[in-house]
Amino acid sequence: MAQIGYSKKVMEHFMNPRNVGTIENPDGHGKVGNPVCGDLMEMYIKVEDDVITDIKFQTFGCGSAIATSSMVTELAKGMHVDEAMKITRNDVASELDGLPPQKMHCSNLAADALHEAIKDYESKKETTERGTKAQREDGRQGKHRS
Ligand code: FES
């Protein structure tokens, strides 16, 4: 049987994952799963002025999924959401000094969960902005009426 070689960094993040947990009332939440292996990943973000100030994850999956989620949270923390949207599975894998080819989909899951959380943040932001604009317009109309 072929041996799967994990880098020291993968092992280190697997044994000692960063930013594990959840965030109450997150600004964005992403959840993705892989139907083939059945692994599931959830990502929570707090955002201030479009910068990710806090990020946490929960992974119900393999060791690589844990290591890649941990790495993606490290990469994204402190980043502008537009920049974080550009993090790819290859960025995650290369920060971990590589992943075995059969484990690359695990890093896909990590990047996807992050992107879903950012999309959730963007859509919430849009709704709030629309609400504020509507309120402002209402206010203006109110003034006309009085
Ligand atoms: Fe599916 Fe790792 S085996 S995420």
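For this structure, a couple of remarks:
- Each residue of the range 73-87 is assigned a 3J(HN,Hα), and the resulting list reads 5, 5, 5, 7, 4, x, 8, 5, 4, 5, 5, 5, 5, 8, 5 Hz, derived from the Karplus form 6.51 cos²θ - 1.76 cosθ + 1.60 (θ = phi - 60°), x at Gly and Pro.
- For the range 91-132 versus the range 9-80, the gap between their alpha-carbon centres in whole angstrom: 9 Å
- Under 5 Å, built H, 5+ apart or other chain: amide partners of MET79: ILE52
- Going from the residue with the fewest nearby Cβ atoms within 10 Å to the one with the most, SER69, SER7 rank SER7, SER69.
- Taking trypsin sites (Lys or Arg not before Pro) across the range 80-146, the ones in a DSSP loop with at most 16 further Cβ atoms lying within 10 angstrom of their Cβ are LYS86.
- Surrounding net charge for SER7, when Lys and Arg each add one and Asp and Glu each subtract one, Cβ distance under 14 Å: 0
- Across LYS46/LYS119; LYS31/LYS124; LYS8/LYS119; LYS9/LYS46; LYS103/LYS124, pairs whose alpha-carbon gap is larger than 22 Å: LYS8/LYS119; LYS9/LYS46; LYS103/LYS124
Laboratory data are not the source of any read-out in this text; all were calculated from the coordinates shown. Remember, predicted model here, so these are calculated numbers, not experimental data. Glycine also receives a Cβ, built like all others from the backbone with ideal geometry; neighbour counts cover every protein chain displayed.
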